[in-house]
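Visitor: Submitted below is the structure of interest, expressed as structure tokens.
The values are calculated or read from the model by the stated rules, or taken from the named source; none is laboratory data. If you're wondering where the values come from, they're calculated on a predicted model, not measured in any experiment. Cβ: placed from backbone, ideal geometry, glycine included. Neighbour counts: every protein chain shown.
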Amino acid sequence: MNMENQIRVRFAPSPTGYLHVGGLRTALYNYLFAKHHGGKFILRIEDTDQSRKVEGAVENLIETLKWAGIEYDEGPDRGGSAGPYIQSQRLDLYRAHAQELVNQGHAYHCFCTTARLQEVRQKQLAAKLSTSYDRHCRSLSREEAERRIASGEKSVIRMKIPLDGELSFEDVIRGSVTISYKMIDDQVLIKSDGYPTYHLAVVVDDHLMGITHVIRGEEWLSSVPKHILLYRYFGWEAPVLAHLPLLLNPDKSKLSKRQGDVAVEDYRTKGYLKEAMVNFIAFLGWNPGDEREIFFMDQLSQEFSLDRVGKSGAVFNIEKLNWLNQQHIKLKSNEELARLIKPLMLSGQSADRDDQYFLKVVGLLKERLNFPNDFIEMSGYFFQDPDSFDDAGVKKYWEPETSGRLKLLADRFESLPEYSHSAIESALRQCADELQIKPTKLIHPARLALSGRTIGPGLFEMLELLGKESVVRRLRGAAEKFKGV
RNA sequence: GGCCUUAUCGUCUAACGGUUUAGGACGUGACCCUCUCAAGGUCGAAAUACGGGUUCGAUUCCCGUUAAGGCUACCA
């Protein structure tokens with residue numbers, strides 16, 4: 001592979017707290033695109049807004065990406081040849097580049113106060129005009145600007161937008177887009193605190209880091225002209241652009257916290273598998289073009305292509321996520337699933353049983369799990385005798401003769417020379433036969449006696465796994481307990 | 001308000017002018033399987049926002065309307 005032509009993409013979140021599911025998708029698409037083309041995926045932290053900085057957010061972001069299996073080749077904690085990967089550590093770079101723009105006449109110092117800016121805006125609003133900076137300082141001479149800076153006056157650096165004309169650019173997903181310069185403000189490049197704005201930093205970094213493709217959310221589409229203009233001012237080649245459709249609430253508004261969880265970690269703590277999450281997120285805006293639905297990360301990277309990314313926003317449909325979660329649980333081996341479940345259990349819940357037994361319980365309950373967590377609530381009776389019995393179940397299944405029947409059944413099981421699934425089943429059916437009742441008259445009460453519930457795995461699998469001793473004990477115990485019913 | 005973007009079943013989407021009675025999946029309804037619950041299977045209801053063009057032929061191309069979303073900060 002030719003290094004010159006190697007594809008380099010990046011995910012550039014700002015550390016304002018948690019990783020948003022929309023951010024996860026952006027990261028995922030970038031990652032998949034890089035992997036698919038044998039390129040590099042870079043993580044860059046965009047922390048140029050000091051007021052929005054959140055303690056621990058970077059670590060949290062990194063941790064969540066790693067959980068999802070999105071590994072980056074270069075980033076804050078990994079290093080790389082294009083570092084540093086945190087924008088607050090690159091301030092000199094932005095200032096130097098902004099100065100270059102000033103020197104070339106593509107940008108200028110602006111001394112307008114916040115108060116004046118607000119006043120201008122108020123007037124525009126009152127006159128029902130669209131709000132924009134009135135370019136008050138654009139005509140200041142270099143000499144005057146130098147003088148005011150020297151005298152200690154605060155300023156920002158703004159880029160010059162052409163006064164008329166328009167700019168067209170190509171987006172991989174959206175095709176050709178044209179925006180008139182009249183609609184664009186003389187954007188602030190360097191803020192009065194010396195930090196760059198997003199627009200300057202993103203262009204400088206993407207270029208310096210050799211980014212070939214910018215894949216990001218649609219909310220950036222409108223600011224592309226500013227970026228393209230900056231590339232031109234610097235004499236750089238702009239990367240290929242791809243603006244992803246947004247993720248939506250069920251009511252089609254932009255996905256927000258009010259209508260459900262938006263933090264990836266929330267889904268993680270709820271017990272969604274990373275495989276399900278990745279599979280689901282990948283399909284929000286992309287599909288393989290055929291009818292396959294279940295995908296793992298490596299298949300996704302093999303097949304991912306920007307050509308198959310849609311243009312319209314996608315509702316985050318939790319029902320489908322749930323289904324995918326269930327599918328991925330079923331696809332896990334008992335061993336894998338057990339590894340996920342074990343840490344969730346209280347130490348006493350399964351401590352007295354060996355791993356083989358635990359694994360078998362997992363296997364028996366796997367199909368019934370929507371979340372790994374469900375196992376805890378479902379599996380109690382596999383580890384200790386039930387201490388409560390479903391009232392409605394007792395009422396429904398327990399007849400006056402039932403206790404006697406279960407005692408007989410217990411006797412039969414006890415004397416079974418070989419305690420296997422088929423032996424258990426034929427013993428029970430034979431028993432029912434002798435009692436001249438249908439097997440279900442034994443099956444339902446037996447399940448109740450063994451588990452305290454009316455729902456659960458097949459009775460014979462359960463009986464076998466529980467073992468003769470505890471089955472006999474539980475049958476007799478329940479028979480005694482409910483003999484007066 | 002202005003600018004930009006988008007528009008196929010409730011939801012995610014397929015169909016890159018004709019192979020389409022618009023396909024699949026989730027959800028939903030019925031049925032089957034069955035010792036319960038799941039799982040699985042079968043069948044069903046369910047969509048091209050609207051109006052104009054272009055074309056022999058439009059879900060697909062163009063225009064308009066409508067609706068939704070994004071942007072409109074010294075936030076990203």
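Visitor: Scan segment A:55-75 for residues that are at positive phi and loosely packed, with under 14 Cβ neighbours inside 10 Å and report the count.
Guide: Matching residues across segment A:55-75 total 1.
Visitor: Here's another thing I want to ask about it. Identify all residues within segment A:87-117 that are of a type in the set (G, A, S), crowded, with 20+ Cβ neighbours inside 10 Å and part of a helix (DSSP H, G or I); write none if there are none.
Guide: Residue satisfying the conditions is A:A98 alone.
Conditions (1) touching a Ser or Thr at 6+ places or on another chain (Cβ under 6 Å); (2) of a type in the set (S, T, N, Q), marked per residue:
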{"position": "A:Q87", "(1), (2)": "yes, yes"}
{"position": "A:L93", "(1), (2)": "no, no"}
{"position": "A:Q99", "(1), (2)": "no, yes"}
{"position": "A:H109", "(1), (2)": "yes, no"}
{"position": "A:R116", "(1), (2)": "no, no"}
{"position": "A:R138", "(1), (2)": "no, no"}
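So that you can scan it fast, the table gives a plain yes or no per residue for (1) of a type in the set (S, T, N, Q); (2) within 10 Å of RNA strand B (Cβ to nearest atom); (3) in contact with a helix residue (DSSP H, G or I) (Cβ under 8 Å, 6 or more places away or on another chain):
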site	(1), (2), (3)
A:R429	no, yes, no
A:R447	no, yes, yes
A:F460	no, yes, yes
A:L463	no, yes, yes
A:R473	no, no, no
A:F482	no, no, yes
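Visitor: Would you point out which residue out of A:R78, A:R52 is surrounded by 14 or more Cβ atoms within 10 Å (Cβ to Cβ), among the basic types (K, R) and out of contact with any helix residue (DSSP H, G or I) (no Cβ under 6 Å at 6 or more places or on another chain)?
Guide: None of the other options fit; the residue is A:R78.
Visitor: Please indicate, with yes or no, whether at least one residue in segment A:240-250 is more than 28 Å from A:A201 (Cα to Cα) and touching a helix residue (DSSP H, G or I) at 6+ places or on another chain (Cβ under 7 Å).
Guide: Yes, the conditions are met somewhere in segment A:240-250.
Visitor: On the given criteria, is A:E469 within 19 Å of A:K396 (Cα to Cα) and more than 16 Å from RNA strand B (Cβ to nearest atom)?
Guide: no
Visitor: Taking segment A:166-180, which residues are more than 8 Å from RNA strand B (Cβ to nearest atom) and exposed (fewer than 15 other Cβ atoms within 10 Å of the Cβ)?
Guide: Selection gives A:E166, A:S168, A:E170.
Visitor: Test A:V58 against the criterion of being at pLDDT below 95 and farther than 19 Å from A:F296 by Cβ, and give yes or no.
Guide: In short, no.
Visitor: Only one of (1) touching a residue at least 12 places away in the same chain (Cβ under 8 Å); (2) under 47 Å from the mean Cα position of the chain (by Cα) fails for A:K483. Which number is that?
Guide: It is condition (2) that A:K483 fails.
Visitor: For A:P417, which of the numbered conditions (1) closer than 30 Å to A:Q436 by Cα; (2) assigned to a helix (DSSP H, G or I); (3) free of Cβ contacts under 8 Å to residues at least 24 places away in the same chain fails to hold?
Guide: The failed condition is (2).
Visitor: So which of A:L340, A:L344, A:L409 is at pLDDT below 95 and touching a Cys at 6+ places or on another chain (Cβ under 6 Å)?
Guide: Result: A:L409 is the single residue among A:L340, A:L344, A:L409 that is at pLDDT below 95 and touching a Cys at 6+ places or on another chain (Cβ under 6 Å).
Visitor: To continue, here is another question. Taking the options A:G75, A:G39, A:G83, name whichever one is touching a strand residue (DSSP E or B) at 6+ places or on another chain (Cβ under 9 Å), at pLDDT below 95 and not assigned by TED's automatic domain parsing to the domain that holds A:V203.
Guide: Going through A:G75, A:G39, A:G83 in turn, just one is touching a strand residue (DSSP E or B) at 6+ places or on another chain (Cβ under 9 Å), at pLDDT below 95 and not assigned by TED's automatic domain parsing to the domain that holds A:V203: A:G83.
Visitor: Is there a residue being closer than 26 Å to A:S256 by Cα and within 16 Å of RNA strand B (Cβ to nearest atom) anywhere in segment A:326-333?
Guide: yes
Visitor: Of (1) at pLDDT 95 or above; (2) within 14 Å of RNA strand B (Cβ to nearest atom), A:Q124 satisfies all except one. Which?
Guide: Here A:Q124 clears every test but (1).
Visitor: Pick out, from segment A:234-331, the helices (runs of 4 or more DSSP H) lying fully within it that include 2 or more residues that are in contact (Cβ under 8 Å) with a residue 60 or more places away in the chain and not charged (D, E, K, R).
Guide: Filter on segment A:234-331 gives A:264-270, A:274-282, A:297-303.
Visitor: For A:R216, state whether it is assigned by TED's automatic domain parsing to the domain that holds A:C112, of a type in the set (K, R) and more than 7 Å from RNA strand B (Cβ to nearest atom).
Guide: Answer is yes for this residue.
Visitor: Now for a different question. Which numbered condition trips up A:E74, out of (1) away from RNA strand B (no atom under 16 Å from the Cβ); (2) closer than 27 Å to A:T269 by Cα; (3) under 21 Å from the mean Cα position of the chain (by Cα)?
Guide: Here A:E74 clears every test but (2).
Visitor: Let me ask another. Suppose we keep only residues that are within 11 Å of RNA strand B (Cβ to nearest atom) and under 25 Å from the mean Cα position of the chain (by Cα) within segment A:219-245. Which one would you say is farthest from A:S81 (Cα to Cα)?
Guide: By that ranking, first place goes to A:P245.
Visitor: Just to be sure before I move on: is A:E425 under 29 Å from A:V362 (Cβ atoms), assigned by TED's automatic domain parsing to the domain that holds A:G404 and exposed (fewer than 15 other Cβ atoms within 10 Å of the Cβ) in the structure I sent?
Guide: No; evaluated as a whole, the condition is false for this residue.
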